[in-house]
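Chemist: Before I ask anything, here is the structure I am working with.
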Amino acid sequence: MQLTVDNRIWLLDCGFGPEANAHFNPAWLEGADAVFITHDHIDHIGGASHAVEAGLPIYATAQTAKALPPAANVHLLPEQGQTIINGVTLTTGRNGHAMGGVWFHFDLGEGLFYSGDWSEESDWFTFDMPPPAATAILDCSYHLDDVPQSDRFKALNTLLDGVEGQVLLPAPPSGRAGEMALHLIRRYGCESVMLDPECQCTLRAALNSGAVSTDAQQIAPLLDRGPMEQARFLICDTPNADGGSAWGYVRAWHESGRLGRDAHVVFTGHMTAHARGIRSVPGGYFRRWNVHPPLRDQVKMLTRLGAKRFAPAFCTKPEDYLIEELDAEVFFHDRVRL
């Protein structure tokens, strides 16, 4: 997303994917003066190396900056607070979606709100309410889907209660891994859950940061536990089981004939072609875990912001938002000029 302010071009996020064959188009950086990154997931930060090569300043929180190349020209943003950039006040708040993840509110005109990815349903991450904004660019990754997290939990619980043996849940360590662990230990007990080393490291840092909910401390006993083979539920990187511990388990279970017998894989987020291939065989499942807002939260956000103009982001059919109940002027452009 490009934002033009007084002849300056600011790029809001610079990711690619999530499909493995997706790439960032460097043309988005042509004429750009700065890059603003909301969080460290690949579909928002994956093209940052191009911004670094171009010598552009990158605005991000300290947590997000850890995922940037060492040569990055980083300008740190607070997770909660205000920063003045070229005379424009940028307010940031926690987005309820990722470690160090924030939304952006630019004090331009009657206010411009860019959510990046966001969720208000997490028991792990904190979400901060943004100030009013007449223009809203919202995360609409789930399009018009209106299923709340409570119903997602019921569907997942029913599946897990109905299968025997071990269950692998691939997840991004800085995303839903922590809240999935929290849910599982509440329902099945602490002894039934294990985290791979990558998740342990990331979630240990999360607990030490003080940036997650107080309930997050419930997973502390999992941070030094092993070996993983003894647990019923294994939470492992990567989210599509195309690398890391998750791919190791899937491959081993498939080769040993366990997959679909006493070993199962449950995907909970966007599935790439690799994940869809695993999902298609016995022992592969999909149950969504909300990490983006359902329609009811999208509408609620527009009401709270007092938005007069609305651009649905990250969905393939934005024209579907031309519906009366949204009570907002809808426009469909990748470039917002103020």
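The values are calculated or read from the model by the stated rules, or taken from the named source; none is laboratory data. Bear in mind that the values here come from a model prediction, so they are computed numbers and not experimental data. Cβ placement follows ideal geometry from the backbone for every residue including glycine, while neighbour counts extend to all protein chains displayed. These area figures cover heavy atoms from the full protein model, side chains too; ligands, DNA and RNA do not enter into them. Shrake-Rupley method; radii C 1.70, N 1.55, O 1.52, S 1.80 Å.
Chemist: Mind listing just one residue for me: the one in the stretch 162-174 that is small (Gly, Ala, Ser) and crowded, with 23+ Cβ neighbours inside 10 Å and, of those, nearest to residue 122 (Cα to Cα)?
Modeler: 174
Chemist: Further question on the same structure: Among the listed residues 309, 287, 279, 335, which satisfies the condition of being open to solvent by 90 Å² or more (accessible area, probe 1.4 Å) and at pLDDT 90 or above?
Modeler: Step by step, each of 309, 287, 279, 335 is checked, and only 279 is open to solvent by 90 Å² or more (accessible area, probe 1.4 Å) and at pLDDT 90 or above.
Chemist: Scan the stretch 266-284 for residues that are touching a residue at least 60 places away in the same chain (Cβ under 8 Å) and touching a helix residue (DSSP H, G or I) at 6+ places or on another chain (Cβ under 6 Å) and report the count.
Modeler: 1
Chemist: Considering only residues that are of a type in the set (Phe, Trp, Tyr) and more than 20 Å from the chain's Cα centre (by Cα), which ones fall in the stretch 297-323?
Modeler: 310, 321
Chemist: Shifting gears a bit: Restricting the search to the stretch 224-246, which residues are surrounded by 16 or more Cβ atoms within 10 Å (Cβ to Cβ) and either more than 21 Å from residue 288 (Cβ to Cβ) or over 21 Å from the mean Cα position of the chain (by Cα) (or both)?
Modeler: If the condition is that a residue be surrounded by 16 or more Cβ atoms within 10 Å (Cβ to Cβ) and either more than 21 Å from residue 288 (Cβ to Cβ) or over 21 Å from the mean Cα position of the chain (by Cα) (or both), then 228, 231, 232, 233, 244, 245 are the ones that fit.
Chemist: Taking the residues in the stretch 175-218 that are farther than 24 Å from residue 163 by Cα, among the small types (Gly, Ala, Ser) and open to solvent by 20 Å² or more (accessible area, probe 1.4 Å) as candidates, determine which candidate is modelled with the highest pLDDT.
Modeler: If we take residues in the stretch 175-218 being farther than 24 Å from residue 163 by Cα, among the small types (Gly, Ala, Ser) and open to solvent by 20 Å² or more (accessible area, probe 1.4 Å), then 205 is modelled with the highest pLDDT.
Chemist: Just checking, which of 226, 269, 248 is of a type in the set (Gly, Ala, Ser) and in a helix (DSSP H, G or I)?
Modeler: Selected residue: 248, the only one of 226, 269, 248 that is of a type in the set (Gly, Ala, Ser) and in a helix (DSSP H, G or I).
Chemist: Next up: Which ones in the stretch 107-120 are more than 13 Å from residue 39 (Cβ to Cβ) and either open to solvent by less than 40 Å² (accessible area, probe 1.4 Å) or hydroxyl-bearing (Ser, Thr, Tyr) (or both)?
Modeler: Selection gives 108, 111, 112, 113.
Chemist: Based on this model, can you work out whether residue 221 counts as part of a helix (DSSP H, G or I) and open to solvent by 20 Å² or more (accessible area, probe 1.4 Å)?
Modeler: yes
Chemist: Looking at the stretch 1-106, what strands (runs of 3 or more DSSP E) fall wholly within it and have at least 3 residues that are open to solvent by less than 20 Å² (accessible area, probe 1.4 Å) and in contact (Cβ under 8 Å) with a residue 24 or more places away in the chain?
Modeler: Passing ranges, in order: 2-5, 8-12, 32-36, 57-61, 88-94, 102-106.
Chemist: Out of all the residues in the stretch 147-167, is one or more under 21 Å from residue 237 (Cβ atoms) and not in a helix (DSSP H, G or I)?
Modeler: Yes, that holds for at least one residue.
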